[in-house]
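Below is one structure; the comments refer to it alone.
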Amino acid sequence: MFKHESIETNTGLLIVLTLVAIGIGGLVEIVPLFYIDGTVEEVKTADGKDAVRPYTPLELRGRDIYIKEGCYNCHSQMIRPFRDEALRYGHYSLAAESQYDHPFQWGSKRTGPDLARVGGKYSNGWHVKHLVKPTAVVPTSIMPNYPWLLENKLSFGDIKERMLALKQVGVPYSFTQIEFDANVEKFGEKVAKTLDINKADENLMAQAKKMNTDGDAARITEMEALVAYLQVLGTMIDFKQHDEHEFIQFR
Ligand code: HEC
């Protein structure tokens with residue numbers, strides 16, 4: 001058809017053919033997305049409820065602090081479907097696991113390890129020590145100290161507005177009785193109660209009191225929120241209940 005040389009020496013033709021090649025590649029990637037039912041796995045618990053739920057108010061504030069402090073600059077939250085990653089971090093991340101994250105924290109840079117499944121790996125006490133001064137528990141760590149997390153009182157006066165904003169973009173926090181009932185159906189009653197915007201303050205305070213990472217139950221610090229968030233990462237799906245190959249069709 002064309003001689004290679006005549007394409008390379010004719011800029012206009014090269015541009016047109018490059019665009020055609022990119023166009024074909026783009027279509028092959030994008031068109032199938034319009035024809036499959038979904039790219040987000042439906043993962044259920046043993047009793048048929050959604051395994052992945054939106055964050056509780058305290059976890060949500062913790063996530064805000066994670067973003068505010070720039071933790072994402074060094075930590076990704078996406079385990080790729082490669083053998084070495086699965087061996088180090090656990091089951092590869094599913095789309096379902098970040099479906100309620102706005103914005104998601106997948107990240108592209110790992111100065112520190114991936115945190116997608118860090119929940120439950122350490123005790124709350126370990127996290128507090130580590131965040132205040134990482135070298136206290138990992139002597140060679142280059143992670144910065146975050147001592148103010150224990151000192152800063154958590155501000156959550158706008159927690160309802162934050163949840164309402166996320167509701168606008170599709171996160172199923174409930175505001176009306178109808179929405180609450182739908183959540184009971186979807187997540188079970190215990191979880192549905194934590195997603196009720198009207199009860200956000202009480203729920204946040206109750207969870208923080210249980211965490212009590214600073215030894216003063218009456219004080220709610222940024223530390224409590226951040227540790228609550230870290231401890232839930234990657235723990236919502238019980239992979240022991242699922243066949244190893246169950247999620248392959250979504251890849
Ligand atoms: C300058 C880069 C950097 C920043 C910013 C950073 N970290 Fe780290 N983080 C690291 C490194 C390196 C390690 C591994 C050494 C260690 O455990 O301290 C680590 C380890 C961790 C671990 C333990 C992970 C594991 O599986 O052992 C947690 C949890 C963690 N970081 C949370 C955070 C949080 C939360 C923030 C934000 C408040 C943060 N990091 C900010 C570099 C960073």
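The values are calculated or read from the model by the stated rules, or taken from the named source; none is laboratory data. Every value quoted in this text rests on a predicted model; they were computed, and no experiment measured them. Backbone-built Cβ (ideal geometry, glycine too); neighbour counts: all protein chains shown.
What to note about this one:
- Restricting Met223, Met205, Met236 to residues that are in a loop (DSSP other than H, G, I, E, B) and either modelled with pLDDT of 95 or more or touching a strand residue (DSSP E or B) at 6+ places or on another chain (Cβ under 9 Å) (or both) narrows the list to Met236.
- The test for being among the small types (Gly, Ala, Ser), crowded, with 16+ Cβ neighbours inside 10 Å and more than 30 Å from Lys193 (Cα to Cα) does not hold for Gly62.
- Filter pass, Tyr92 being within 9 Å of the ligand (Cβ to nearest atom) and either of a type in the set (Phe, Trp, Tyr) or more than 27 Å from Asn212 (Cβ to Cβ) (or both): no
- Selection of the stretch 112-146 for residues being part of a loop (DSSP other than H, G, I, E, B), more than 8 Å from the ligand (Cβ to nearest atom) and loosely packed, with under 12 Cβ neighbours inside 10 Å yields Ser123, Pro139.
- Answer residue from the stretch 39-80, given it is over 17 Å from the mean Cα position of the chain (by Cα) and in contact (Cβ under 8 Å) with a residue 40 or more places away in the chain and is nearest to the ligand (Cβ to nearest atom) among those: Thr45
- Scanning the stretch 203-225 for residues that are aliphatic (A, V, I, L, M) and touching a Leu at 6+ places or on another chain (Cβ under 6 Å) turns up Leu204, Ala208, Ile220, Met223, Ala225.
- Sole exception among (1) near the ligand (Cβ under 7 Å from one of its atoms); (2) free of Cβ contacts under 8 Å to residues at least 60 places away in the same chain; (3) assigned to a loop (DSSP other than H, G, I, E, B) for Lys109, by number: (1)
- Check on Asn203, away from the ligand (no atom under 16 Å from the Cβ), farther than 30 Å from Lys44 by Cα and surrounded by 15 or more Cβ atoms within 10 Å (Cβ to Cβ): no
- Taking (1) under 18 Å from Arg63 (Cα atoms); (2) surrounded by fewer than 14 Cβ atoms within 10 Å (Cβ to Cβ) in turn, Lys190 satisfies each apart from (1).
- Among the numbered conditions (1) surrounded by 14 or more Cβ atoms within 10 Å (Cβ to Cβ); (2) closer than 23 Å to Ala95 by Cα; (3) free of Cβ contacts under 8 Å to residues at least 12 places away in the same chain, the only one that His245 does not meet is (1).
- Cross-chain or 6+ apart pairs with Cβ under 8 Å, the stretch 114-133 first and on the phi > 0 side of the Ramachandran plot, then polar (S, T, N, Q): Gly120/Gln231; Gly120/Thr235
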